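One structure is given here, and the rest of the page talks about it.
The values are calculated or read from the model by the stated rules, or taken from the named source; none is laboratory data. Bear in mind that the values here come from a model prediction, so they are computed numbers and not experimental data. All Cβ positions, glycine included, derive from the backbone under ideal geometry; neighbour counts span all protein chains shown. All accessible areas refer to the heavy atoms of the entire protein, side chains included, with ligands and DNA or RNA removed. Shrake-Rupley method; radii C 1.70, N 1.55, O 1.52, S 1.80 Å.
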Amino acid sequence: MRILLLTHSFNSLAQRLFVTLGAQGHELSVEFDINDAVTTQAVELWQPDLIIAPFLKRAIPEALWRDHTCLIVHPGIPGDRGPSSLDWAILDNEREWGVTVLQAEAEMDAGPIWASELFAMRDAAKSSLYRNEMTDAAVKAVLLAVERFEGGNFAPCRLDHPDPSVRGRERPSVRHTNRTIDWARDNTRTVLRKIHSADGMPGVKTQLFGRSVHLHDAHPANALSGAPGTVLARSGPAIAIATSDSAVWIGHLRNRAAEHSFKLPATRVLADEAAALPETPVDSNHGYREIRYEESGRVGFLHFAFHNGAMGTEQCERLLAAYRHALKQDTRVLVLTGGPDFWSNGMNLNLIEAADSAADDSWRNINAIDDLAEAILRTESHLTIAALQGNSGAGGVFLARACDRVWMRDGVMLNPHYKDMGNLYGSEFWTYSLTRYAGAENATRITQARLPMGAREALELGLADEYFTGPRDSFLDDIAARAKGLAASRDLDALFAAKAERRNADEATKPLAQYREEELERMRLNFYGFDPSYHIARYNFVAKVPKSRTPVTIARHRDTRARNHWRNAS
Ligand code: COA
């Protein structure tokens, strides 16, 4: 079928549907829901059999849903209605939640139901639940709805009559007062639940040192306690605030009154006050923990859960130090697991945006990430494996590809391109790795298409070596078992010999230093040159400026060649 994805933005769910439905042979095009005229034009150009709306912030125009079947993905159980479904599910401590695919009609979220899926809730931030459990369930429900639609004789179920098995109901937008923290009374669990319900956006508003800030990125700090509401300590980017029974680490804050009103490390937003606080070392047992190393047999595991997968200069340096430490251990295989939500999204664009000189900070950041990538590429003592539990974008993808193996969980999305960030050239030795693993032809395809890709395509194109289809929560165990098998394998010495031989041959053909220099020369132009595109795109990304048009890479209906291609084919 020809399907139009109508969406507020090309978010992780829209990307996943684009990839999954495309792999099933459907022809997909995307239009951002900018205004009714643009949407109507997109429909006229693409003439879709079906419209799917993975992520909308406003109602579909009547002219559209009257003439076309429009399926809305609603992040709630059947019967649930309103714009804050997941927020309420977390606040209400639901142990099971769901996704419903319903047909657009006059009343929002009240149309007939084509499919629904339930999932178990986890104590996690809303964005993490959305990107993981919710997205998996949504993909299943959409595939079922599409199959039913294609079948032609499915009658979607109306919820006109109250059905006792339908637990969902209409709920208003969550207001700030619904999650205001009462520091004197709320225990750590309650505080975490309130912040999780609002994370990534909008965060929970509170007063700290007399300033109004939004709290994000909360974790238990069980070893600490004090007068409730007091800021007790700092650790890396985080500050600890006392709750009624212990404390929470807050990694990131937004101060809407400040010059930079986007999410930044808490110790930066409250720099003066934080400097006077007692320090718990970052990454220590009781501190705010981003990097963790563990071992099992002859395999080392380096976990790095940086918020949003963004890796600033200092984080790259810390990870490089941890990497070097890991290489000194008596192990043969080192697995780099990233974090549960993201493996890496490259340089930290928020920190760069907030720096005195964005160009200087970009330069430092890219060099720090390159130092890490180079250390991985030059590793002789270990077989290195990037194990992607979560999505990865831009430089993060090529940092992963610096490892000897890239293993992915099925369902993980890669965005192996930089150009959308204002024509950024990119570094992380991508010019080496891409040709080396994907081949010249695929390399051009990957960089020019600027599209997200799933595990199967990543494997096909050489960006990954294996993918794992087991349940999400067994991925790390599956990886550990495979890595241990590799470490114990009789072929290990031969693998090391082949690795050394290939690296030496590659180095003789063109040294890594030269790749780095050439890439950085181009990056220098992006950062310091006359063309400000990168700085503008970064500002738009960080400030979340809504897109004014859909890129033609995904709005295929606006690409005359693609349109003619399917017209001729059909
Ligand atoms: N620096 C800072 N924040 C980043 C980031 C980065 N490199 N990459 C992602 N984020 C943040 C987003 O701002 C968003 O923040 P939120 O918590 O306020 O919502 C969150 O991570 C999730 O990102 P989002 O863009 O909503 O996820 P997505 O799945 O829709 O898209 C990407 C994934 C990777 C395509 C997209 O995030 C992206 O383009 N990131 C920038 C990559 C880049 O250009 N890096 C620099 C070059 S190495």
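Numbers for the structure displayed
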quantity: Whole-number accessible area per residue in Å² for the chain, which is evaluated in the context of all protein chains at 1.4 Å; calculated: 44 Å²
quantity: Within region 187-259, trypsin sites (Lys or Arg not before Pro) in DSSP loop having at most 14 other beta-carbon neighbours inside 10 Å; calculated: 256
quantity: With every protein chain in place, the chain: carbon and sulfur % of accessible area (1.4 Å); calculated: 49 percent
quantity: Span-rule helices in the chain, defined as complete DSSP H runs reaching 18 Å or more along the axis (Cα) with Kyte mean at least -0.5; calculated: 135-151, 313-327, 358-377, 475-488
quantity: Per DSSP, loop trypsin sites (Lys or Arg not before Pro) in region 111-178 with at most 10 further Cβ within 10 Å; calculated: 175
quantity: In nm, spacing of pseudo-spin labels at residue 521 and residue 496 (7 Å Cα→C-beta vector); calculated: 3.7 nm
quantity: For region 399-503: rounded, prolate or oblate by the Cα gyration tensor [a/c cutoff 1.5]; calculated: oblate
quantity: Cβ-Cβ FRET estimate between residue 187 and residue 276, R0 fixed at 25 Å, reported to 0.05; calculated: 0.40
quantity: Net dipole in debye of the chain [+1 Lys, Arg Cβ; -1 Asp, Glu Cβ; about Cα centre; nearest 20]; calculated: 300 debye
quantity: Out-of-range pairs (alpha-carbon distance over 20 Å; input 57/263; 419/510; 140/544; 57/140; 419/499; 57/126); calculated: 57/263; 419/510; 140/544; 57/140; 419/499
quantity: Distance (nanometres) between label positions extended 7 Å along Cα→Cβ at residue 96 and residue 49; calculated: 3.4 nm
quantity: Dipole in debye (nearest 20) - region 2-151, about Cα centre, beta carbon charges: Lys, Arg +1; Asp, Glu -1; calculated: 320 debye
quantity: Region 465-570: chymotrypsin sites (Phe, Trp or Tyr not before Pro) in DSSP loop, at most 16 other beta carbons within 10 Å; calculated: 530
quantity: Lys/Arg +1, Asp/Glu -1 at C-beta; the chain dipole; positive extreme among 178, 455, 438; calculated: 178
quantity: Exposure of residue 509 as accessible area (Å², to 10), given a probe of 1.4 Å and all protein chains; calculated: 120 Å²
quantity: Signed unit charges on C-beta, dipole axis of the chain, positive-most listed residue 383, 336, 500; calculated: 336
quantity: Contact order normalised by residue count of the chain, Cα under 8 Å, 6+ apart, percent; calculated: 10 percent
quantity: Solvent exposure, largest accessible area first (probe 1.4 Å, DNA, RNA and ligands not counted), of 325, 176, 307; calculated: 325, 176, 307
quantity: Neighbour count of at most 11 Cβ within 10 Å plus DSSP loop: longest GluC sites (Glu not before Pro)-free window in the chain; calculated: 381-570
quantity: Extended-chain gain in nm, criterion 0.36 nm per residue less alpha-carbon gap, residue 293 and residue 167; calculated: 41.0 nm
quantity: Accessible area of residue 248 in the full protein assembly, 1.4 Å probe (Å², nearest 10); calculated: 0 Å²
quantity: Only Lys, Arg (+1) and Asp, Glu (-1) charged, at Cβ; region 149-235 dipole about Cα centre in debye; calculated: 400 debye
